[in-house]
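Report on one structure; see the data block that follows.
The values are calculated or read from the model by the stated rules, or taken from the named source; none is laboratory data. Owing to the predicted nature of the structure, the values given are computational and were not obtained by experimental measurement. Quick reminder, even Gly has a Cβ in these numbers, built from the backbone with ideal geometry, and neighbours come from all protein chains shown.
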Amino acid sequence: MTELGRLADVSKSYLSQLERGLQTNPSLQFLVKVSKTLETSIDFLLQDKEYK
């Protein structure tokens, strides 16, 4: 998570809050940064599926 935060230039604490469900409404700007960094789509990030 720290590496993603650094690469995407977003707060690692905010990433952690999203992952734990403490924050549930990320901004479009945040989603664009993360999706570009992960080389995926915003749609994929917003899917409500748990992958194991």
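Brief remarks follow.
- When the stretch 1-22 is filtered for residues that are under 11 Å from the mean Cα position of the chain (by Cα), without any contact (Cβ under 8 Å) to a residue 12 or more places away in the chain and in a loop (DSSP other than H, G, I, E, B), only SER11 remains.
- Scanning the stretch 23-52 for residues that are loosely packed, with under 14 Cβ neighbours inside 10 Å and assigned to a loop (DSSP other than H, G, I, E, B) gives THR24, ASN25, SER27, GLU39, THR40, SER41, GLN47, ASP48, LYS49, GLU50, TYR51, LYS52.
- Contact annotation: residue pairs with Cβ atoms under 9 Å, 6 or more positions apart or on different chains, pairing a residue in the stretch 36-52 that is closer than 20 Å to THR24 by Cβ with a partner that is at pLDDT 90 or above and hydroxyl-bearing (Ser, Thr, Tyr), are SER41/SER35; ILE42/SER35; ASP43/SER35; PHE44/SER35; LEU45/SER35.
- Looking only at residues of the stretch 25-52 that are farther than 18 Å from LEU4 by Cα and polar (S, T, N, Q), we find that the one that is modelled with the lowest pLDDT is GLN47.
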